[in-house]
1. Given the conditions (1) acidic (Asp, Glu); (2) within 17 Å of VAL152 (Cβ to Cβ); (3) surrounded by fewer than 20 Cβ atoms within 10 Å (Cβ to Cβ), and given that ASP52 satisfies all but one, which numbered condition is not satisfied?
2. Would you please name the residue that is least open to solvent (accessible area, probe 1.4 Å), looking only at residues in the stretch 144-161 that are more than 15 Å from GLY55 (Cα to Cα) and β-branched (Val, Ile, Thr)?
3. In the stretch 25-56, how many residues are part of a helix (DSSP H, G or I) and closer than 22 Å to VAL129 by Cα?
4. State the number of residues belonging to the stretch 97-127 that are under 20 Å from ALA163 (Cα atoms), open to solvent by 20 Å² or more (accessible area, probe 1.4 Å) and among the hydrophobic types (A, V, I, L, M, F, W, C).
5. Just give me the residues in the stretch 69-96 being polar (S, T, N, Q), in contact with a helix residue (DSSP H, G or I) (Cβ under 7 Å, 6 or more places away or on another chain) and either crowded, with 20+ Cβ neighbours inside 10 Å or part of a helix (DSSP H, G or I) (or both), in sequence order.
6. I'd like the full set of residues that are assigned to a loop (DSSP other than H, G, I, E, B) and touching a strand residue (DSSP E or B) at 6+ places or on another chain (Cβ under 6 Å), limited to the stretch 119-135.
Amino acid sequence: MSTTPKQAAAASLRPTREDLDAVALDFDGTQTDDRVWITADGAEMVAVHRGDGLGIAALRRARLRVLILSSEVNPVVSARAVKLRVPALQGIDDKGSELLRWCDEHHVDPARTLYLGNDVNDIGCFKAVGWPVAVASAWPEVLPYVRLVTTVPGGHGAVREVAAWILGKDLIP
């Protein structure tokens, strides 16, 4: 299958491994489809895309720092971060300032950081990094703050799509 000129132009705007040192990810609405199931006892459950886990593992193998940054405090986020072997910062009201603090603490240039988000509470992060990216299902209010938008919505492989942009289509070593 051949690439159209429009597809080729879009691909040239995407970051590669040489452009980045870190990838920071929102959780709800980015790694999930923004829905939550609540059981009778009040426990929350969400669905995540297994391909996103593969993408995160590939980013880690490429020696990129990966961070989950969430305004919610939820055991689901903690469990997913443990499984993916990445740090998660939760309960963050000012995500942009926290992301800049994390970058400083880990000697990461924010200009060489990609942030993937979906909602207005991500605007501070979009403004803080060199590579602000929204998922296809992002709220329209955030689109003026991003450089790129994925082709798939949050919870449906958007993280894997971004990993493929960065590392190339073949994520398996």
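The values are calculated or read from the model by the stated rules, or taken from the named source; none is laboratory data. Not measured: the values here are computed from a predicted model. Please note: Cβ atoms are built from the backbone with ideal geometry, for glycine as well, and neighbour counts cover all protein chains shown. Note: areas computed on protein heavy atoms with side chains; ligands, DNA, RNA excluded. Shrake-Rupley method; radii C 1.70, N 1.55, O 1.52, S 1.80 Å.
1. Looking at each condition in turn, ASP52 falls short on (3).
2. Among those residues, the one meeting the criterion is VAL146.
3. To start, the set of residues in the stretch 25-56 that are part of a helix (DSSP H, G or I) comprises 50-56.
From the residues that got through so far, the ones that are closer than 22 Å to VAL129 by Cα too are 52, 55-56.
Residues in the stretch 25-56 being part of a helix (DSSP H, G or I) and closer than 22 Å to VAL129 by Cα: 3 in total.
4. At the first step, the residues of the stretch 97-127 found to be under 20 Å from ALA163 (Cα atoms) are 99, 103, 108-118, 122, 125-126.
So of that shortlist, the ones also open to solvent by 20 Å² or more (accessible area, probe 1.4 Å) come out as 109-112.
Then drop every residue that is not among the hydrophobic types (A, V, I, L, M, F, W, C), which leaves 111.
Selection size over the stretch 97-127: 1.
5. Initially, the stretch 69-96 is screened for residues polar (S, T, N, Q), giving 70-71, 74, 78, 90.
Now drop any that are not in contact with a helix residue (DSSP H, G or I) (Cβ under 7 Å, 6 or more places away or on another chain), which leaves 70-71, 90.
Scanning the stretch 69-96 gives a single hit, SER70.
6. Filtering the stretch 119-135 for residues assigned to a loop (DSSP other than H, G, I, E, B) gives 119, 129-130, 135.
Result: VAL129, single match.
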